[in-house]
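Participant: I am attaching a structure below and will ask some questions about it afterwards.
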Amino acid sequence: MNDRDELVLQVSSLSKTFPGQQALIDVELKVRVGEVHALVGQNGSGKSTLIKILSGYHQADAESVILFNGEPLIHQKGIAFVHQDLALVPTLNSIENMALGHSYRLTRTGSINWRQQHDLTRSGIQEFGADFDLRVPVAQLSGLQRTILAMARAMGSVEGIERSLLVLDEPTASLPKSEVALLMDSIRRLSARGAGVLYVSHHLGEVFDVCDRVTVLRDGRSITTTNVKEIKYPQLVKLIVGHSLNEQSSEHAALSTEQVMKVDNLAGGSVIDLSFDVRKGEIVGLAGLMGSGREQVLKLLFGAIGTTGGRVHVDGRPLRLGSPKVAIDNGVALVPAERKEHGIFANCSVQHNISLPNLRPLLRRLVLSQSREYQVVQQWVERMDLHPANQMVNAGLLSGGNQQKVVLARWMGIDLKVLLLDEPTQGVDVGAKSAIHELLVEAAKEGLSIVVASSDAAELAAICDRVIVIHDGRLGSIISRDGLSGERIVNECVSSSADEMRDQ
Amino acid sequence: MNRWRSALSIRNISAIYVWFALFALFAVWVPETFLTLGTLRSVLGSNSITTLAALAVVVPLAAGAFDLSVGQVIGASSVTIAWAMSIGWTWEMASLLGLLIGMVAGLLSATAVRLGVNSFIATLGISSIVAAYTNFRSKQQQVTITDKGFRDVFLRNFLGLPRSIYITLIVAIVLWYVLTKRPFGRQIYSTGGNADAARLAGVRTHLVIFISLLISAGLAGLAGVMNAGRSGVGSPTVGPSYLIPAFAAAFLGSTQLRKGEFNVWGTVISVYVLATGVKGLQLAGAEAYITDIFSGAALLLAVLISSWERGKFKFRRPNVLAERSASRGAAE
């Protein structure tokens, strides 16, 4: 069979030179009709530059070739994009969002033909096997429903084109694990009908779940393209990183019995009644399905959101809940899940981002000492291995992984007792992820107590001494170090809810 | 060497170069009136009030809040002083009362904001209430101040320049110190940069905004004292004319020296750049209404430039989605 006939997208000798930097060098990428093709690589590997060339934002260098169904690509015609943030307007309903960027169908009197728009939207989402109320504001939909709506809208823009290509950029970044599998089904449905899908993700698990072939980018070059079936997870990680990752060794120091934090009957949000304790130098994981309360426990402990009940003791002293300032003064800090919204000051320098909660020691008489601040922050820039290693750049210019390191550095310099981390490696590339894990394990060895809430079971299994599974706002089960594994955590999360259903 | 070059670059202090250009323009256009010591003194002196008003709005702006009541508070303060002196108070006590009126207005705005009213709306509402007080207190008449000692505090020359300039200079230095050299300054900027993140980093953001509005109203009260002293009347209509120039200077100032941050010296420079333009136009025979056009246009232009520099404004818009991915791409 002619190779060219079955390719939706053929990219060859693609290069992109920015002033002073070559972002892409001789990249090859071939997406076949009806396949889900993964594009993976660390931040800075050139993934986003490649996507931006496909979407027409950047112009590729002259010798590059991009063929779409065998023809040179013109005005992105036939390629549909769904970006990580989905670009939906939360206050509008699904029908209105579907029509954004397109024209409305009108009735004979010139008013919008809502019936037709409704049917159009419905058939759009049904192609992905979904059916939900289209008249509620998008903000009230689940993450999965929103993602499907965004995909349906994107596919609407390439309607009538026989062999189209859907580019999905981190589609599961804001999805709870439980919904990811459902999204995978929807994507397979689409490819089964002959469209090509280019799937960009940090989550290698998904690549193995849904993708047929995978192309690895590293340092601006396409390293390899291979069938997913013919490669194993560790091999793929090795290809992405360029060297094999030290998965966290299980040599955990013998745990101290000294209790640092004690939580009794915590309540607030969807947390109904939760009690647990954290010992010195221990890494405690919090697992649970979306909506179990897992997402809120840390915010409650830190005072970011209000509690309706519960007592917390730190080092035996009661902690007044409800104020982040009070929590910090008592040695409790939070690395929030929403890095951009709650963690980083994008328009401030890395220096100011890191030193903010710890300015008092930088005072020389009555003035903040610039040289002292520089020195203190520089230590963290080096220890965290920040890129770029320049504390004067605005934090907004850093990659997700480096921003997360900045937020971590902010707290590591303080005399902390308990560090709370919410989804610490969400949207962070593989390399930075393992660096952050190492850092946490290191800090715990030095006596810091850590609580990690994560939807990534493998992450919890890799670094935790103990995992607390939350179910419907209450303690589900506790998994101790022996017998801790990703599968075990997922099973506990799911099975406890199944048990509950049976009881009712 | 490099440091000096970047410090003196057009991108860093464009306003200074505009200032030179304006100065040269009017020096050639109306040399006999523009290039006099009297003009210099009058521009420097009268704009020490505008500078106070501009610094007053800079503090809450840096914390992410608007204070639209600054103009009316200046009027209320000046009318209160004139009234108090007309019933026999000493100028010292009258000035304290003027400042107090400012602080009361600030306390009301700050409380409304603390209770959850948007600062834009809260200070707009308080502004209207303050205007009512001003009209009640002045019976909508100008109240003349006869105390020579009071006027001398601001008008007498020291080292050849009116004393009001030195008062403003001291205020500017203190604010600069607080905003850049004290932890509280960092807390103000972090609150303005990302209030949620600041709160989670242990900054008491509500308190920061509360205090910034108090500082703003206090400075507006001081501007009112200075206005009464320099003009010799408590006028119910003078206050609002300071509002637009103050915001224009604050936004223009945010494009100078410390890119994208509201800052003291950029604001001070901007006040005088704008004032030079206005004065030159007046001397060249422009109608009085030109001043308002100039201030309004300067405000719009300043905001445009500052949003441009923060990268929110782009000429090229190839595709909304591509742009979204680009803005995120910048983070990768």
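Participant: Just checking, does the stretch A:335-348 include any residue being away from chain B (no Cβ under 12 Å) and surrounded by fewer than 16 Cβ atoms within 10 Å (Cβ to Cβ)?
Facilitator: The answer is no, given that none of the residues of the stretch A:335-348 is away from chain B (no Cβ under 12 Å) and surrounded by fewer than 16 Cβ atoms within 10 Å (Cβ to Cβ).
Participant: Here is a follow-up. Between a first residue in the stretch A:47-62 that is farther than 17 Å from residue A:37 by Cα and more than 8 Å from chain B (Cβ to nearest Cβ) and a second residue that is of a type in the set (S, T, N, Q) and in a helix (DSSP H, G or I), which pairs have beta carbons less than 8 Å apart while being 6 or more apart in sequence or on different chains?
Facilitator: A:58/A:49
Participant: On to the next question. Please pick out the residue among A:154, A:80, A:60 that is surrounded by 13 or more Cβ atoms within 10 Å (Cβ to Cβ), part of a strand (DSSP E or B) and among the hydrophobic types (A, V, I, L, M, F, W, C). Steps first, answer last, please.
Facilitator: On the way: A:154 fails: part of a strand (DSSP E or B); A:60 fails: part of a strand (DSSP E or B).
Going through A:154, A:80, A:60 in turn, the sole match is A:80.
Participant: Would you please name the residue that is surrounded by the fewest Cβ atoms within 10 Å (Cβ to Cβ), looking only at residues in the stretch A:465-480 that are outside any strand (DSSP E or B) and either of a type in the set (Asp, Glu) or in contact with a helix residue (DSSP H, G or I) (Cβ under 8 Å, 6 or more places away or on another chain) (or both)?
Facilitator: That would be A:472.
Participant: Sticking with this one: Please give the number of the condition residue A:353 fails out of (1) more than 8 Å from every other protein chain (Cβ to nearest Cβ); (2) in contact with a Gly (Cβ under 6 Å, 6 or more places away or on another chain).
Facilitator: For residue A:353, the exception is condition (2).
Participant: Of the residues B:222, B:252, only one is more than 14 Å from chain A (Cβ to nearest Cβ), at pLDDT 95 or above, crowded, with 19+ Cβ neighbours inside 10 Å and out of contact with any strand residue (DSSP E or B) (no Cβ under 7 Å at 6 or more places or on another chain); which?
Facilitator: Criteria check complete, one pass: B:222.
Participant: Within the stretch A:83-121, which residues are assigned to a helix (DSSP H, G or I) and out of contact with any helix residue (DSSP H, G or I) (no Cβ under 9 Å at 6 or more places or on another chain)?
Facilitator: Hits for the stretch A:83-121 are A:115, A:116, A:119.
Participant: Please give the number of the condition residue B:190 fails out of (1) at the interface with another protein chain (Cβ under 7 Å from one of its Cβ atoms); (2) under 30 Å from residue B:42 (Cβ atoms).
Facilitator: Exception for residue B:190: condition (2).
Participant: Find the residue count for the stretch A:63-77, including only residues that are in a loop (DSSP other than H, G, I, E, B) and surrounded by 16 or more Cβ atoms within 10 Å (Cβ to Cβ). Show your work before the answer.
Facilitator: Of the stretch A:63-77, the ones in a loop (DSSP other than H, G, I, E, B) are A:63-64, A:69-70, A:73-77.
Those left that are additionally surrounded by 16 or more Cβ atoms within 10 Å (Cβ to Cβ): A:64, A:69, A:73, A:76.
Going through the stretch A:63-77 one residue at a time, the tally reaches 4.
Participant: Being in contact (Cβ under 8 Å) with a residue 40 or more places away in the chain, part of a helix (DSSP H, G or I) and within 14 Å of the chain's Cα centre (by Cα), is that true of even one residue in the stretch B:229-238?
Facilitator: Taking every residue of the stretch B:229-238 in turn, none turns out to be in contact (Cβ under 8 Å) with a residue 40 or more places away in the chain, part of a helix (DSSP H, G or I) and within 14 Å of the chain's Cα centre (by Cα).
Participant: Residue B:208: within 14 Å of another protein chain (Cβ to nearest Cβ), in contact (Cβ under 8 Å) with a residue 24 or more places away in the chain and part of a helix (DSSP H, G or I), yes or no?
Facilitator: On the way: within 14 Å of another protein chain (Cβ to nearest Cβ): yes; in contact (Cβ under 8 Å) with a residue 24 or more places away in the chain: yes; part of a helix (DSSP H, G or I): yes.
Against the criterion (within 14 Å of another protein chain (Cβ to nearest Cβ), in contact (Cβ under 8 Å) with a residue 24 or more places away in the chain and part of a helix (DSSP H, G or I)), residue B:208 qualifies.
Participant: Could you check the stretch A:448-461 and list, in sequence order, the residues that are touching a helix residue (DSSP H, G or I) at 6+ places or on another chain (Cβ under 8 Å) and either in a loop (DSSP other than H, G, I, E, B) or surrounded by fewer than 20 Cβ atoms within 10 Å (Cβ to Cβ) (or both)?
Facilitator: To start, the set of residues in the stretch A:448-461 that are touching a helix residue (DSSP H, G or I) at 6+ places or on another chain (Cβ under 8 Å) comprises A:450-461.
Matches in the stretch A:448-461: A:454, A:455, A:456, A:458.
Participant: Then there is this: Please pick out the residue among A:302, A:345 that is touching a Gly at 6+ places or on another chain (Cβ under 6 Å) and closer than 27 Å to residue A:376 by Cβ.
Facilitator: Residue meeting the stated conditions: A:345.
Participant: Please enumerate the residues belonging to the stretch A:389-403 that are within 13 Å of another protein chain (Cβ to nearest Cβ), in a loop (DSSP other than H, G, I, E, B) and more than 14 Å from the chain's Cα centre (by Cα).
Facilitator: Of everything in the stretch A:389-403, those that are within 13 Å of another protein chain (Cβ to nearest Cβ), in a loop (DSSP other than H, G, I, E, B) and more than 14 Å from the chain's Cα centre (by Cα) turn out to be A:392, A:393, A:398.
Participant: Condition check: under 18 Å from the mean Cα position of the chain (by Cα), within 11 Å of chain B (Cβ to nearest Cβ), modelled with pLDDT under 90 and farther than 29 Å from residue A:258 by Cα. Does residue A:431 satisfy that? Show your work before the answer.
Facilitator: Values: under 18 Å from the mean Cα position of the chain (by Cα): yes; within 11 Å of chain B (Cβ to nearest Cβ): no; modelled with pLDDT under 90: yes; farther than 29 Å from residue A:258 by Cα: yes.
Answer is no for this residue.
Participant: For the structure I just gave you, tell me whether residue A:445 is buried (at least 21 other Cβ atoms within 10 Å of the Cβ) and of a type in the set (Lys, Arg).
Facilitator: Against the criterion (buried (at least 21 other Cβ atoms within 10 Å of the Cβ) and of a type in the set (Lys, Arg)), residue A:445 does not qualify.
Participant: What are the residues in the stretch B:239-266 that are in a helix (DSSP H, G or I) and either under 24 Å from residue B:81 (Cα atoms) or free of Cβ contacts under 8 Å to residues at least 24 places away in the same chain (or both), if any?
Facilitator: Going through the stretch B:239-266, the residues in a helix (DSSP H, G or I) turn out to be B:239-253, B:264-266.
Matches in the stretch B:239-266: B:239, B:240, B:241, B:242, B:243, B:244, B:245, B:246.
Participant: If you don't mind, there's one more thing I want to ask. Exactly one condition in (1) within 30 Å of residue B:117 (Cα to Cα); (2) buried (at least 24 other Cβ atoms within 10 Å of the Cβ) is false for residue B:64; which is it?
Facilitator: (2)
Participant: Given the residues A:418, A:406, which is the only one that is within 14 Å of chain B (Cβ to nearest Cβ) and buried (at least 22 other Cβ atoms within 10 Å of the Cβ)?
Facilitator: Residue meeting the stated conditions: A:406.
The values are calculated or read from the model by the stated rules, or taken from the named source; none is laboratory data. Nothing here was measured: the structure is a model prediction, and the numbers come from that model. With ideal geometry, Cβ positions are generated from the backbone for all residues, glycine too; neighbour counts draw on all protein chains shown.
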